[in-house]
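The values are calculated or read from the model by the stated rules, or taken from the named source; none is laboratory data. Quantities reported herein were computed from a predicted structural model and do not represent experimental measurements. Using ideal geometry, Cβ is built from the backbone for each residue, glycine included, and neighbour counts are taken over all protein chains shown. What goes into the accessible areas is simple: the full protein's heavy atoms, side chains included, and nothing from ligands, DNA or RNA. Shrake-Rupley method; radii C 1.70, N 1.55, O 1.52, S 1.80 Å.
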Amino acid sequence: MSTTLNGNHPIVRPEAHVHFGVFFQGVNHTTVWSSPDSGSQIDVATFERVVRTAERGLFDAFFLGEGLRLREHRGRLHDLDVAGRPDAVTQLAALAAITTNIGLVATQNTTYNDPADLARRLASLDVLSGGRAAWNVVTTDNAWTGANFRRGGWLDHADRYERAEQFLATARRIWDGWPPEEPADGSDGSVEHVSVHSGLVDVEVDPTVPRSAQGHPVIFQAGDSPQGRDFAARSADVIFSRHGTDLDDALEFAADIRRRTVAAGRPEDDVKIFPGTAVVVGDSPADAEEKARWVRWNQVTPQTAIAFVEQVWGEDLSGYDPDGPLPAHDPVVEVIGVERGAARDGSRAREIAAQWRARSEAEGLSIRELVVAVNSERGFEGTASQVADQLVTFVRTGAVDGFNISPWIVPDGLDDIVDRVVPELQERGAYPTRYVGTTLREHLGLRVPFTHRAPSLESALV
């Protein structure tokens, strides 16, 4: 969990604050399950403990990952990942009742949801929370997930973002269909009927939920492909990226997103950049390094290491020693499958296998050591002071606006950050000492929804 810092990059935002969100993952192998301090991943008490800690630390948002189908591995449920979580919007509604300020981000799919229904549920969360809701827009085009909906892979790969943009534009029209000055019960009859027949979205609906204090739920997007980046530049408020460990890489990503945002007719700072990251804090540099090494090793159990490699090779490798070398033969599959929801879905299996074998041979890595190395390339480690300095550098050089932190253990994985890193940031004048407003849009420093601006961008909507 090292970071590359380059002192040659100028400080372009000397007064900027670091912003934090917490990413409570769904499917993952990054949580240290085996620790006696590890709590349940599905018990509501765990969610409550994490969100209360995050709010105590003045985090902007609690970000909930979600999938539409239980993950499988080689045709069976994958018992090394989380299963059985409640629906994200329902879970966040429960958390809204025990929190006051923190934003609540629901991951929701545009392929296998209905625009009118999802827009209503998100608007309801936004109203009930006092303007703290957000939607992490995700797409799906695989038949494996679609089988749960009797639809299979009904979208071509090229159409998934097209439907997502039409879906989101329709949701915005529904949210705007209730005028801001409308009576709470819509009794004067001026609620706007929304009719959309655009090819991939077909909706006739009268809005039934008033606007919230922030106008619209905040929109997050996490696609990293050129198509995904364009979608974020045109339609998102925040992009959740993988580019937050190497400063040069993060600056390059930020410059690309800002170019695309300007090309979409928006101010270059209209899309906030929040990479996912992990943080390990120690009492000394040596203590932090030892602790980070322990975390990495315990995140990847022997069973996890073999399953991770099986995903690429596409066959049973249970006979292999996790402390031995990778298979010498090529994978039996051409493309990595989707059943685990991995970031490498759709990648060429043989290319990845060749890269891994070359690295293993060059560095003398076993299967488990290779998997640990492959999954240890994001994050920060050090004393609280060192970590604070690194985070401030990323924000004030303009590489990022904040970080979505994935705790390596729950429910207590945020304690070191809230109790040790946040005070260091505050001493540097780089972190708020109170919430600046009541809505998520205010926390993030976002403008009003762009359909409410003048000149209006509504002509770009379906």
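With a cut-off of 8 Å between alpha carbons and a minimum separation of six or more residues, what is the relative contact order of the range 285-375 in percent?
33 percent
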For the range 135-236, run through the GluC sites (Glu not before Pro) and keep only the ones in DSSP coil with at most 11 other Cβ atoms within 10 Å of their Cβ.
GLU181
Helix 226-235 versus the longest principal axis of the chain: what is the Cα-based angle in degrees, 0 to 90, to the nearest 10?
30 degrees
Could you work out the relative contact order of the range 161-311, using alpha carbon pairs under 8 angstrom and six or more residues apart, expressed as a whole percent?
15 percent
Putting +1 on Lys and Arg Cβ atoms and -1 on Asp and Glu Cβ atoms, find which of GLY276, GLN108, ALA164 reaches farthest to the positive end of the dipole of the chain.
ALA164
In Hz, Karplus ³J(HN,Hα) per residue of the range 440-452 (6.51, -1.76, 1.60; θ = phi - 60°; x = Gly, Pro):
5, 4, 5, 4, 7, x, 8, 6, 4, x, 5, 6, 9
Using only Cα atoms, find the angle between the long axis of helix 115-128 and the longest principal axis of the chain, and express it within 0 to 90 degrees, rounded to the nearest 10.
90 degrees
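In deg cm²/dmol and to the nearest 500, what is the mean residue ellipticity at 222 nm of the chain if only DSSP H runs of at least 4 residues count, each as -39500 (n - 2.57), divided by the residue total?
-10500 deg cm²/dmol
Quantify, in whole percent, the carbon and sulfur part of the accessible surface of the range 247-317 (1.4 Å probe; protein heavy atoms only).
The C+S portion of the solvent-accessible surface of the range 247-317 is 49 percent.
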Relative contact order of the chain, defined on C-alpha pairs under 8 angstrom at six or more residues apart (%):
25 percent
At 7 Å along the Cα-to-beta-carbon direction for both GLN227 and ASP114, put a label point, then send me their distance in nm to one decimal.
2.6 nm
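Please sort 48-59, 394-405 by packing, taking for each peptide the average over its residues of neighbouring beta carbons within 10 angstrom, highest first.
The peptides rank, most packed first, as 394-405, 48-59.
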Counting only heavy atoms of protein chains, what accessible area per residue, in Å², does the chain have with a probe of 1.4 Å?
42 Å²
If you roll a 1.4 Å probe over the range 67-122 with all protein chains in place, what percent of the accessible area is carbon or sulfur?
48 percent
Placed amide H near ALA213: partners under 5 Å, 5+ positions off or other chain:
GLY131
In the range 353-429, carbon and sulfur make up what percent of the accessible area (probe 1.4 Å)?
41 percent
Unit charges on C-beta of K, R, D, E only; dipole of the range 285-375, Debye:
220 debye
Mind checking the angle between helix 349-363 and the chain's longest principal axis? C-alpha axes, 0 to 90 degrees, to the nearest 10.
50 degrees
If amide hydrogens are placed 1.01 Å from N in the peptide plane, which non-local residues have theirs closer than 5 Å to the one on PHE20?
ASP60, PHE403
Mean Cβ count within 10 Å, highest first, over the residues of peptides 279-285, 167-173
167-173, 279-285
What spacing in nm lies between the two simple spin-label points modelled at LEU70 and ALA94, each 7 Å away from Cα in the Cβ direction?
1.9 nm
If R0 = 30 Å, then ASP269 and GLU427, at their Cβ-Cβ distance, give a FRET efficiency to the nearest 0.05 of 0.70
Accessible area of HIS193, 1.4 Å probe, to the nearest 10 Å²?
90 Å²
